[in-house]
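A.B. asks: Here it is: the structure, laid out below.
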Amino acid sequence: MSANMVALAYLGAAVLFILALKGLSNPESARRGNLFGMIGMALASAVTLNMAGVHNYAWIFAAVAVGAGIGTLIARKIPMTHMPQLVAAMHSLVGLAAVLIATSALYNPEAYGIAITGGGLHLSSRIEMFLGTFIGAITFTASIVAFTKLQGLVSGRPLVFAGQHWLNLLLGIAMIAAGVMFCITEGWAPFLVMTGIALVLGVLLIVPIGGADMPVVVSMLNSYSGWAAAGIGFTLENNMLIIAGALVGSSGAILSYIMCKAMNRSLINVLLGGFGGAGASASSGADRAAEDRPVKAGAAEDAAFLLKNAESVIVVPGYGMAVARAQHALKEVVNVLISAGVKVRFAIHPVAGRMPGHMNVLLAEADVPYDIVQEMDEINPEFADADVALVIGANDVTNPAAKSDPNSPIYGMPVLDVGRARHVIFIKRSLSPGYAGIDNDLFYMDKTMMLFSDAKKACEQLLQALD
């Protein structure tokens, strides 16, 4: 293909990527956005394979077949509740790819069409390799740690130790120094030292971040993977890789900012970690609270009575619904209520679950109509007119301490105003705190009925009681 044909095709792919991001910004257009992204990536890949200098098609198509087979198998087997850890795992592969491409390009730059002078690689190419490699290495190990936390292979509580931030700072300085040495000398030793330090930093940056901040972490790693791809795009002089990486990097950064704003915290505060799992002391404090403060526990029949006699019900899904895979049973409960003339809506907090849009994905899987799913700012004023708020495992995002207790760690965080409804039904297995590690005053309000049960089992019991 001529250079003009390649540029035109890449421009078309870039437009499709932009349309994909626009479509993914709304649940109703998300499928169309995914389709645009798939067509854009297919176009970009086909054009790249037809460029001069691309050889060994047998190896390329064999690798594509293996990757497509693995991807298809994962897509068919993975439950929707495991989508956050799948996303984290995919980010790790992007970071690893950036590191491997940079290493390969340094070893054999002629194979990648990288310009070489008498002194070796151009300084600009070395800088691009430096940026793409260290961002990719950090993304790789950070995503693996995020995956293990989300999968429950390691504790979701923050791991902090004395001098942690100073250690990260020293390692960051050492990494940059090694990268500068690489840019000056083009030597393998500083390149490998820089890469090794970046791999360690990826681990150290994520271990102090607790489960409550995982949605921001997933979004942040998405941004990292985009910038790593863009950096390698400059190295390979591939405009499509630069554009796609920049789109992913910038959209991930914007989403991280939006989610931090929803938590009333800064991105730096999230990265410093130490929040989102208070450990044993918080759990023991919650246990003492359960003993000292009375709660109103009810049965499914009691909750069903409130629901079927209500005119307006707002459902607040949370991570408890995801863990129990209760979205389909909940949809059946909602169908019964709607058929009985009850006005039902869903309230979605921006950081509910373990990744951006986690609750929206689960509700879409259960075919919950988009028009009854509302975001926090839209639904909050309507809680005061709701007869019943049905909360399913959404702990921290409903905690009134965020507005009433200046000493609370989540004070100032925008939350769903569940406590303003006339009655609250809270489905939860116990009174244990959420990932923020603090007790929820909503449990002890006179208007709150606690339904202690697994979310799926509770919804099935509710459905039986309603019928």
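The values are calculated or read from the model by the stated rules, or taken from the named source; none is laboratory data. Bear in mind the structure is a predicted one, so any value in this text is a computation, not a measurement. Reconstructed Cβ throughout: ideal geometry from the backbone, glycine too, with neighbour counts over all protein chains shown.
A.B. asks: With the requirement that a residue be in contact with a strand residue (DSSP E or B) (Cβ under 6 Å, 6 or more places away or on another chain), closer than 15 Å to Gly318 by Cα and not β-branched (Val, Ile, Thr), what does region 334-362 give you?
C.D. replies: Correct list: Arg345, Phe346, Ala347, Met359.
A.B. asks: Another question, if that's okay. Quick check on my filter: what residues within region 346-361 are within 22 Å of Ala386 (Cβ to Cβ), in contact with a helix residue (DSSP H, G or I) (Cβ under 7 Å, 6 or more places away or on another chain) and assigned to a helix (DSSP H, G or I)?
C.D. replies: The answer is Asn360, and nothing else.
A.B. asks: Same structure, new question: Failed condition for Ala364, given (1) within 19 Å of the chain's Cα centre (by Cα); (2) among the hydrophobic types (A, V, I, L, M, F, W, C); (3) in a loop (DSSP other than H, G, I, E, B); (4) over 26 Å from Gly210 (Cβ atoms), with all others met?
C.D. replies: (3)
A.B. asks: Report yes if some residue within region 407-414 is outside any loop (DSSP other than H, G, I, E, B) and out of contact with any strand residue (DSSP E or B) (no Cβ under 9 Å at 6 or more places or on another chain); otherwise report no.
C.D. replies: No, because not a single residue in region 407-414 is outside any loop (DSSP other than H, G, I, E, B) and out of contact with any strand residue (DSSP E or B) (no Cβ under 9 Å at 6 or more places or on another chain).
A.B. asks: Looking at this structure, is Thr148 modelled with pLDDT of 85 or more, within 22 Å of Leu96 (Cβ to Cβ) and in contact with a Leu (Cβ under 8 Å, 6 or more places away or on another chain)?
C.D. replies: Considered against the rule, which asks whether it is modelled with pLDDT of 85 or more, within 22 Å of Leu96 (Cβ to Cβ) and in contact with a Leu (Cβ under 8 Å, 6 or more places away or on another chain), Thr148 comes out as no.
A.B. asks: Pairs needed: first member in region 185-197, farther than 14 Å from Met175 by Cα; second member anywhere, crowded, with 18+ Cβ neighbours inside 10 Å; C-beta distance under 7 Å; at least 6 residues apart or different chains.
C.D. replies: Listed pairs, sorted by first residue: Glu186/Leu121; Glu186/Arg126.
A.B. asks: Out of Gly245, Gly226, Gly231, report the one residue that is under 20 Å from Leu205 (Cβ atoms), part of a helix (DSSP H, G or I) and modelled with pLDDT of 90 or more. Spell out how you get there, then give the answer.
C.D. replies: Values: Gly245 fails: under 20 Å from Leu205 (Cβ atoms); Gly231 fails: modelled with pLDDT of 90 or more.
Being under 20 Å from Leu205 (Cβ atoms), part of a helix (DSSP H, G or I) and modelled with pLDDT of 90 or more holds for just one of Gly245, Gly226, Gly231, which is Gly226.
A.B. asks: What pairs come out if I take residues in region 1-23 that are free of Cβ contacts under 8 Å to residues at least 60 places away in the same chain and pair them with residues that are among the basic types (Lys, Arg) whose C-beta lies under 6 Å away, six or more apart or interchain?
C.D. replies: Listed pairs, sorted by first residue: Gly23/Arg32.
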